[in-house]
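Readers should treat all values here as calculations from the given coordinates under stated rules, not as data from a laboratory. Note that this is a predicted model, so its numbers are computed, not measured. Virtual Cβ from ideal backbone geometry, glycine too; neighbours counted across all protein chains shown.
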Amino acid sequence: EKLFHNRDHSDVQIPTSHQAPVIKDEYEAELFLSRYGFIQPAHQEEIQVHESIQEDFLDDLQATILEGASVLHSRDGGTENQVFVSALKEFQMVSGLPVTGVFDDATKDAMNKPRCGVPDKEMDLNPNDAFNDTESLLTWNLNQSQQMK
Amino acid sequence: DKKRQLAFLMSKRRQKRDVTAAGYMAFSKDVLRWRLIGEGYSSQLTIEEQRYILRLAFRMWSEVSPLEFVEDTWSPLEEVDIKLGFGTGRHLGCNQRFDGTGQEFAHAWFLGDIHFDDDEHFTGPSSHSGISLLKVAVHEIGHVLGLPHIYRPGSIMQPSYLPHESSFEMDWMDRKAIQHLYGGCKGRFSTVFDWIRKEKRPNGAVIIRFNTYFMRDGWYWLYENRNNRTRYGDPVPMQTGWHGIPSDGVDAYVHVWSRTRDSVYFFKGFQFWRYDDENDRVFRQDPEGHQYPRLISEGFPGIPCPIDTAFYDRRDSRIYFFRRTQVYAFSVETNSLARGFPKHIRDVFPPVESRDHPDGSIDAAYFSYSHNALFLLKGTRFWRVVGSRDRWRRPFLPRNGLMPHKEVDQQWFDICDVHPTALKL
């Protein structure tokens, strides 16, 4: 059981391994923004294949997209930084925060608040492809996997 | 093979959805089945508590949309439209891992599954700590039904969780958002009336208040005119608020109210009841010695039955009974049918526009103190009866004329059915 001592379980202790990682820097903020759709990944041919892509693509599709977005950020500091700042501003605006474009304490707090896991914006993996149905998504991932091999 | 099997399952489930008239993807049927799956119970609340909260969450959407939800614990799983479950980390075969305590508390998939992160401290509606399971469930069900995140303060579809408020309900904009996908709530009513309450102040002054009630078969709604919606939690079964009235509903309500009389009657079939406001139930025997239920033919000689509806007109102290195309005016002073009646409904209530008339079989005749007007309701439409103020402004309007019809749900909003199994949670 999760350890507690009070009658109403109000002091239940959560093991560290069961706690969500705290968003504390710009890299993790970028992952957050990608996860919830504020940063759209680049075209599929620009996404670098990361070593962690596995054949079980359904499990790691999310990680692939996030890693692709982070690669996008670091490859060309000028352009991608603008993407990050723009996404950060959008998040600040919809969250009712001062729109500074800076990963400040208020923004950090807002990102660490409990929230729904559904993206705020639909992720358009490739504007030229119909990724709105799962069949196409499965096909794309299978092809990617085969190409890697 | 795995891809083909998955695609087959996905296409089966996609058939449950279609493009609505508004052009949006949404469920294509009105009654949706849901289940809290056995392998997905939370470790924090009893199973009954979890199921109760989810029943309530689904009912809240039902109260503001034409959708009905029924908990289905018996059908094959693939026939259940919305499956819900709790899990931690990698859970329930889902490809989106939960992150532990904090941040992401749940997610929902457009095809109908909802997952809750059991590492979060979910609590019941009466708790003031933790994360309200009810609030999260209502939010995620909104996604399943087709709503995206909405950044408006007060919206149930805001992405971030706000701590417990004393109560949370669906506000006007959230209602309109779901109705944009599924349409408004329409349906006929058995009767509609304003119930008069008299309150005595300490100084002896009597205050008159009224409440508006809509009745449909065996249940009813209280309509809050100032808020343009029904009371939260309605509809309610008839027997909950109206003791002794037939539980499957009534045909008509009449309040005879004058200087010398103050009597409320409910009509159903061949009988009628008088309501005892003091004791909040029907009279078994009223002060005049009449026993109830009583035959309409005895209490109102000359009136046929069953009737469609009726109302009391204080201007001439008559009860107007409606049956098919005929109108019967009954004088409470002489206790008899007024001279010249019955008359055709078009003669008593002529149309302002000749082709726009209900032509009989009225569902409800409703005098509204809020609008200071008489309305005739039939199906999903209503006609307002021309009043003295209308005729003062436009003298050419016929006396008791019927203005062109409007839709009931454009005047009285969100009077929605729930599934019969959800009437009592």
What's the average, rounded to a whole number, of partner chain beta-carbon atoms within 10 Å of each residue's beta-carbon in B:90-103?
-> 5
Lone Cys, chain B, Cβ cut-off 4.7 Å -> B:Cys94, B:Cys305
Cα long-axis angle, helix B:172-182 against chain B (0 to 90 degrees, to the nearest 10) | 80
Which whole-Hz couplings ³J(HN,Hα) result when phi for each residue of region A:106-112 is put into the Karplus expression 6.51 cos²θ - 1.76 cosθ + 1.60, θ = phi - 60°, listed in order with x for Gly and Pro?
-> 5, 5, 4, 4, 5, 5, 8
What nm distance separates the two modelled labels at A:Asp109 and B:Tyr151, each placed 7 Å from Cα along Cα→Cβ?
-> 1.9
Chain B pair-distance distribution - Cα-Cα, 20 Å bins, rounded % = 23, 45, 26, 6, 0
Short to long, in 10 Å steps from zero, the percent of alpha-carbon pairs of region B:53-106 per bin is 19, 36, 36, 9
Tensor-based shape of region B:358-417 (alpha-carbon gyration tensor, a/c under 1.5 rounded, otherwise prolate or oblate) = prolate
Residue separation between B:Asp30 and B:Lys343 times 0.36 nm, minus their alpha-carbon distance, gives in nm 108.5 nm
Name the residue farthest towards the positive end of the dipole of chain B from the options B:Thr421, B:Ala310, B:Thr230, assuming +1 on Cβ of Lys and Arg, -1 on Cβ of Asp and Glu, about the Cα centre.
-> B:Ala310
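Mind running the shape call on region B:54-161? Use the C-alpha gyration tensor, a ≥ b ≥ c as the square roots of the eigenvalues: rounded below 1.5 for a/c, prolate if a/b tops b/c, oblate otherwise.
Details: a/c = 1.45, a/b = 1.08, b/c = 1.34.
Here region B:54-161 falls in the rounded category.
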Helix B:47-62 sits off the longest principal axis of the Cα atoms of chain B, rounded to the nearest 10 on a 0 to 90 degree scale, by 50
Sparsely packed trypsin sites (Lys or Arg not before Pro) within region B:320-397, loop by DSSP, other Cβ within 10 Å at most 11 = B:Arg339, B:Arg355
Region B:276-306 and region B:189-216 have their Cα centres apart by a whole-number Å value of 20
Under the 7 Å Cα-to-Cβ spin-label approximation, B:Gln285 and B:Leu397 lie apart by a distance in nanometres of 4.8
Length gain on complete extension for the stretch B:His128 to B:Ile208, per 0.36 nm per residue less the alpha carbon to alpha carbon distance?
-> 25.0 nm
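Order of B:Phe168, B:Phe272 from fewest to most other C-beta atoms within 10 Å?
B:Phe168, B:Phe272
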Here are some pairs, A:Lys121/B:Lys424; A:Lys89/B:Lys83; A:Lys113/B:Lys83; B:Lys200/B:Lys406; A:Lys89/B:Lys29; which of them have Cα atoms lying more than 30 Å apart in this structure?
-> A:Lys121/B:Lys424; A:Lys89/B:Lys83; B:Lys200/B:Lys406; A:Lys89/B:Lys29
Charge tally for neighbours of B:Pro304 with beta carbon under 10 Å away, counting Lys, Arg as +1 and Asp, Glu as -1, is +2
Would you tell me the mean number of C-beta atoms belonging to other protein chains that fall within 10 Å of each C-beta in A:108-116, as a whole number?
-> 6
Honestly region B:261-311 on the Cα gyration tensor test (a ≥ b ≥ c root eigenvalues; a/c under 1.5 rounded, otherwise a/b vs b/c for prolate or oblate) is just prolate
Assuming R0 = 22 Å, can you tell me the calculated FRET efficiency for the pair B:Thr421 and B:Val236, based on Cβ-Cβ distance, to the nearest 0.05?
-> 0.90
Toy charge model, Lys and Arg Cβ at +1, Asp and Glu Cβ at -1: chain B dipole around Cα centroid in debye, rounded to 20, equals 1640
